[in-house]
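Structure, as structure tokens:
The values are calculated or read from the model by the stated rules, or taken from the named source; none is laboratory data. Just so we're clear, the structure is a prediction, and the values are computed from it rather than from any experiment. Note that each Cβ is placed from the backbone with ideal geometry, even for glycine, and that neighbours are counted across all protein chains shown. Protein only, heavy atoms only, side chains kept; ligands, DNA and RNA dropped before computing areas. Shrake-Rupley method; radii C 1.70, N 1.55, O 1.52, S 1.80 Å.
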Amino acid sequence: MSRIGKKPVVVPAGVEVTVDANNVVTVKGPKGQLSQEISKLITVEVADGVINVTRSSDHREHRSQHGLSRTLINNMVTGVTEGFEKKLQLVGVGYKAEKKGNTLVLNLGYSHPVEIIDPEGLETAVDGNKIIVKGIDKEKVGQYAAEIRAKRAPEPYKGKGIK
């Protein structure tokens, strides 16, 4: 049995979880709402402020989806209550970031500034040489942080770039 999959997900006060007939789990909380379609191989049950994720058999596919489904649901509950954030650091002489409205403007040693518009549901903040990406969806926060980092990945010798 999956060690992660068999752990119940505790639903904090102020969070509402619903599961519809198509195995779509919707989580509403103080920071927003998230929904995720869970595999048909997995059964999701909500009772007494606890979410239990079970599988019907020990087939390889069922085992592989069990822990993943529980983690996705746990990340949704965490996201709507606390949110997620990633911190990026600018390293290099003359490298700087500034925020203009919902646009992040980066000076990374190119002949022009790099402008990135924040996606819906995510926000960035600049604190000196640090960029902080915040949001409720863990996957989107990580993807946006990776896109920012890709503008100037750290070089291998001195580490100049966005870490």
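Working out 0.36 nm times the residue gap between residue 139 and residue 3, then minus their Cα-Cα distance, what length gain in nm do you get to one decimal?
46.7 nm
For segment 1-71, what is the convex hull volume of the alpha-carbon atoms per residue, in Å³?
Spelled out: Cα convex hull of segment 1-71, divided by residues, is 82 Å³.
Using a Gaussian network model of the chain whose springs link C-alpha atoms within less than 10 Å, name the residue from 93, 141, 44 with the highest mean-square fluctuation.
Of 93, 141, 44, the Gaussian network model singles out 93 as fluctuating most.
Regarding segment 111-163, what whole-number volume in Å³ per residue does the convex hull of its Cα atoms give?
With only Cα atoms used, segment 111-163 gives 92 Å³ per residue.
Given 4 °C and 1.567 mPa s, how large is the Stokes-Einstein diffusion coefficient of segment 12-51 in µm²/s, with Rh as the Kirkwood radius over Cα pairs?
120 µm²/s
Report ³J(HN,Hα) in whole Hz for each residue of segment 125-137, in order, from the Karplus equation J = 6.51 cos²θ - 1.76 cosθ + 1.60 where θ = phi - 60°; Gly and Pro get x.
For segment 125-137, the Karplus-derived couplings read 9, 10, 10, x, 9, 10, 10, 10, 9, 10, x, 9, 9 Hz, x marking Gly and Pro.
Whole-Å semi-axes of segment 2-155's equivalent ellipsoid, largest first, each the root of 5 times a Cα gyration tensor eigenvalue?
Ellipsoid semi-axes (Å, largest first): 38, 17, 12.
For segment 95-163, report the accessible area per residue in Å² (1.4 Å probe, heavy atoms, rounded to an integer).
Counting only protein heavy atoms, the per-residue value for segment 95-163 is 62 Å².
Subtract the Cα-Cα distance of residue 33 and residue 61 from 0.36 nm times their separation in residues, and report this length gain in nm to one decimal.
This chain segment gains 7.2 nm when fully extended.
Short version: ³J(HN,Hα) in whole Hz for each residue of segment 66-71, in order, from phi by Karplus 6.51 cos²θ - 1.76 cosθ + 1.60 (θ = phi - 60°), x for Gly and Pro, what are they?
5, x, 4, 5, 5, 5
Considering all alpha-carbon pairs of segment 59-121, what whole percent are spaced by more than 12 angstrom?
When all Cα pairs of segment 59-121 are counted, 78 percent exceed 12 Å.
Within the chain, what whole-number % of the accessible surface is contributed by carbon and sulfur, with the 1.4 Å probe and all protein chains included in the calculation?
47 percent
For segment 36-122, which chymotrypsin sites (Phe, Trp or Tyr not before Pro) pass both filters: DSSP loop (anything but H, G, I, E, B) and at most 10 other C-beta atoms within 10 Å?
110
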